[in-house]
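Chemist: Before I ask anything, here is the structure I am working with.
What follows draws every value from the coordinates through simple rules; no lab data is involved. Please read all numbers here as calculations on a predicted model, not as lab measurements. Glycine also receives a Cβ, built like all others from the backbone with ideal geometry; neighbour counts cover every protein chain displayed.
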Amino acid sequence: MIPEKTDQAAARKRKGSKGGRPIGHDAELYKERNTVERCFSKLKQWRGIATRADKLSESYEAGLLLASVMIWIRST
């Protein structure tokens, strides 16, 4: 969940129960989401994965696994 702007939060409080989404931000959940988004960003740097060039799902999965392992090896 993306942190809410203070003016938006104030407007929602003013509106009461008609204010839309709840005022709240879970920092731990946001950290996990950020980690997942960065992982997808790294995977999309691999051209074959970003364009889904493989015709067979098995080939695509193998490429995804290979890219994941290569990213993991570089990070350690």
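Chemist: I need the trypsin sites (Lys or Arg not before Pro) found in the range 6-76, filtered to DSSP loop residues with at most 12 other beta carbons within 10 Å of theirs.
Modeler: Working: sites: R12, K13, R14, K15, K18, K31, R33, R38, K42, K44, R47, R52, K55, R74; in loops: R52, K55.
When the trypsin sites (Lys or Arg not before Pro) of the range 6-76 are filtered for loop state and at most 12 Cβ neighbours within 10 Å, R52, K55 remain.
Chemist: I've got another one for you. Once the dipole of the chain is set up with Lys and Arg at +1 and Asp and Glu at -1 on Cβ about the Cα centre, which of V69, A10, V36 lies farthest towards its positive end?
Modeler: Checking the options against the dipole of the chain, the answer is A10.
Chemist: Next question. Assign unit charges at the C-beta atoms only (+1 for Lys and Arg, -1 for Asp and Glu), then state the dipole size of the chain relative to its Cα centre in Debye, rounded to the nearest 20. Could you put the intermediate results ahead of the total?
Modeler: Details: 16 positive and 9 negative charges, 107 e Å.
So the dipole magnitude of the chain works out to roughly 520 debye.
Chemist: Find how much the distance from R12 to D26 grows on full extension, using 0.36 nm per residue of separation minus their present alpha carbon separation; answer in nm with one decimal. Walk me through the numbers on the way to the answer.
Modeler: Values: separation 14, 0.36 × 14 = 5.04 nm, distance 1.78 nm.
Result: 3.3 nm gained on full extension.
Chemist: With the alpha-carbon atoms as the only input, what is the per residue convex hull volume for the chain in Å³? Could you put the intermediate results ahead of the total?
Modeler: On the way: hull volume 10.9 nm³, N = 76.
Hull volume normalised by residue count: 143 Å³.
Chemist: Additional query: Treat each spin label as a single point 7 Å out from the Cα along the C-beta direction, and report the R33 to T76 distance in nm.
Modeler: With each label point 7 Å from Cα toward Cβ, the separation is 3.1 nm.
Chemist: Using alpha-carbon pairs under 8 Å, 6+ residues apart, how would you state the relative contact order of the chain in percent?
Modeler: On the way: 35 pairs, mean separation 16.4, N = 76.
Computed over the chain, the figure is 22 percent.
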